[in-house]
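Peer 1: Just dropping this structure here.
The values are calculated or read from the model by the stated rules, or taken from the named source; none is laboratory data. Quantities reported herein were computed from a predicted structural model and do not represent experimental measurements. Cβ: placed from backbone, ideal geometry, glycine included. Neighbour counts: every protein chain shown. SASA here: full protein model, heavy atoms, side chains in, ligands and nucleic acids out. Shrake-Rupley method; radii C 1.70, N 1.55, O 1.52, S 1.80 Å.
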Amino acid sequence: MQYRRFGKTELPLSVFSLGTMRSLASVEAMAAVVQAGFSGGINHFETARAYGQSEALLGQAIAQLQLPREQIYLTTKLLPTASGADIRQQLDQSLERLGVDYLDCLALHGINTSDHWQRLRSPQGCLAALEQAREEGLFRHLGFSTHGPRELIWEVVNSDRFTFVNLHYYYFFQRHAPVIARAAELDMGIFIISPVDKGGQLYTPPAELVEQCAPLTPLDFNYRFLLSDPRISTLSLGAAVPSDLEAALAIADQTAPLSKIEQNIDHKLNQAQTVNLASDQCSQCYQCLPCPEAINIPEILRLRNMTVAHGMTEFGQYRYRMFENAGHWFPGRRGDRCTDCGDCLPRCPEQLDIPNLLRDSHKRIKGQNRRRLWED
Ligand code: SF4
Ligand code: SF4
């Protein structure tokens, strides 16, 4: 296991952090995963108030295993609240559930809209209350997680109110690359959320993608893409059982720059996009927005890119059914809402036939309708 400085927090975090939203069956299940992670060198454990019993089970597991408090780092996340008093009460409860008198890191969970950001930083908002709680020693470092648009993340990162950021950024989603660069410039800790699941459901890759990533697995290639970037501090790793940690622990020492073989995989994946998508490739420039029907054109076409170029239909279906089902956690409407108004067409530098591509995407990845349980 390698360790990296978590930006200006100065915490020496393991390059994998154990996210504890999947091991919720019992204290024993949580303890087994925590023990396996700790034995494998993981020193950072992450939970959230919104993850059901996760905080309480993690607290009980740590007590049961008698993990030395000074050798581990604990983070929880709290949803933004309407008032400072509410979030303070939640923080007190989280500390009690975790059985600790301070947290190393606390993140505001989901600064997803400008409205959130405006309300939480008002003088009566929850940000001031958290800053007060930090002064009192209830936690040491304040960060935020986000599913928001890049412009919003940029603004929050630049606000100087947070010392770390929990971000979606993977091989197959590099839109936030400028945010990574800026956060690194500001010496913030950078924690990557869900690189395996949201990064492409890489634990169950389609045959086409397996072939394109050979001799690595798609999972390992994505890990290497992230681990080879020294600006990224740590990657979240969710596990229901200890064996779910194996692939990550096996690669946790490999933080060197991408090898020739790995660079060649990157080249093969790009080639697959060029060949399989031909003139239908969306370059993810986002210039087509806004759409009067609030269709999330770039994200739908990203899912189409992945489906057509790499055979990632199941992942496309998994994400596509989030539209109109997950509020601000996954904004925008589905492709079949297009009215052919044509507003987006002159803005697309690739001159894509967006309405037809949206209809095609809908056909390919609409799948079955299911409601989401929880995002992130
Ligand atoms: S053509 Fe369709 S996708 Fe484009 S702006 Fe109009 S409704 Fe939105
Ligand atoms: S403007 Fe065109 S290339 Fe850019 S994101 Fe929209 S559809 Fe894709």
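Peer 1: Among what's in the stretch 257-272 and is farther than 23 Å from ASP353 by Cβ and aliphatic (A, V, I, L, M), pick the residue that is nearest to ligand 1 (Cβ to nearest atom).
Peer 2: LEU269
Peer 1: Based on this model, can you work out whether GLN212 counts as at pLDDT 95 or above and open to solvent by less than 60 Å² (accessible area, probe 1.4 Å)? Quick ask: steps written out before the conclusion?
Peer 2: Numbers: at pLDDT 95 or above: yes; open to solvent by less than 60 Å² (accessible area, probe 1.4 Å): yes.
Yes: the conditions hold for GLN212.
Peer 1: Taking the stretch 21-41 as the region of interest, how many residues are out of contact with any Phe, Trp or Tyr (no Cβ under 6 Å at 6 or more places or on another chain) and in contact (Cβ under 8 Å) with a residue 60 or more places away in the chain?
Peer 2: Count: 11.
Peer 1: A further question follows. Among (1) part of a loop (DSSP other than H, G, I, E, B); (2) within 21 Å of the chain's Cα centre (by Cα); (3) closer than 14 Å to ILE72 by Cα, there is one condition GLY41 misses while meeting the rest; what is its number?
Peer 2: (2)
Peer 1: Tell me whether the stretch 332-343 contains one or more residues that are more than 14 Å from ligand 1 (Cβ to nearest atom) and modelled with pLDDT under 90. Reasoning before the result, please.
Peer 2: Let us first name the residues in the stretch 332-343 that are more than 14 Å from ligand 1 (Cβ to nearest atom), namely none.
Looking for residues that are more than 14 Å from ligand 1 (Cβ to nearest atom) and modelled with pLDDT under 90, one finds none in the stretch 332-343, hence no.
Peer 1: Could you check the stretch 197-267 for helices (runs of 4 or more DSSP H) lying wholly inside it with 2 or more residues that are within 24 Å of LEU24 (Cα to Cα) and in the same structural domain as THR9 (by TED's automatic domain parsing)? Show your work before the answer.
Peer 2: Values: elements: 207-213, 218-227, 246-251.
Fully inside the stretch 197-267 and qualifying: 246-251.
Peer 1: Can you tell me how many residues in the stretch 47-87 are charged (D, E, K, R) and either open to solvent by 10 Å² or more (accessible area, probe 1.4 Å) or over 19 Å from SER145 (Cα atoms) (or both)?
Peer 2: So the count comes out to 4.
Peer 1: I've got another one for you. Of the residues GLU55, GLU70, only one is under 29 Å from HIS176 (Cβ atoms) and of a type outside the set (Ser, Thr, Tyr); which?
Peer 2: GLU55 is the lone residue from the list that is under 29 Å from HIS176 (Cβ atoms) and of a type outside the set (Ser, Thr, Tyr).
Peer 1: Kindly list, by first and then second residue, each pair from a residue in the stretch 223-234 that is within 21 Å of THR9 (Cα to Cα) to a residue that is hydroxyl-bearing (Ser, Thr, Tyr) and crowded, with 21+ Cβ neighbours inside 10 Å, limited to pairs with Cβ atoms under 6 Å and residues at least 6 apart or on different chains.
Peer 2: Cβ pairs passing all conditions: THR234/SER17.
Peer 1: Considering the stretch 204-239 alone, what residues qualify as being under 16 Å from the mean Cα position of the chain (by Cα) and of a type in the set (Phe, Trp, Tyr)?
Peer 2: TYR223, PHE225
Peer 1: Sticking with this one: Which count do you get for residues in the stretch 304-350 that are more than 24 Å from THR113 (Cα to Cα), in a loop (DSSP other than H, G, I, E, B), open to solvent by 30 Å² or more (accessible area, probe 1.4 Å) and away from ligand 2 (no atom under 16 Å from the Cβ)?
Peer 2: 1
Peer 1: Tell me whether the stretch 3-13 contains one or more residues that are exposed (fewer than 15 other Cβ atoms within 10 Å of the Cβ), assigned to a helix (DSSP H, G or I) and in contact (Cβ under 8 Å) with a residue 12 or more places away in the chain.
Peer 2: Yes, some residue in the stretch 3-13 is exposed (fewer than 15 other Cβ atoms within 10 Å of the Cβ), assigned to a helix (DSSP H, G or I) and in contact (Cβ under 8 Å) with a residue 12 or more places away in the chain.
Peer 1: If you go through the stretch 264-302, how many residues are within 14 Å of ligand 2 (Cβ to nearest atom) and in contact with a Phe, Trp or Tyr (Cβ under 6 Å, 6 or more places away or on another chain)?
Peer 2: Going through the stretch 264-302 one residue at a time, the tally reaches 1.
Peer 1: Just name the residue that is nearest to ligand 1 (Cβ to nearest atom) out of those in the stretch 273-303 that are among the hydrophobic types (A, V, I, L, M, F, W, C) and crowded, with 19+ Cβ neighbours inside 10 Å.
Peer 2: Only one residue tops the list, namely CYS291.
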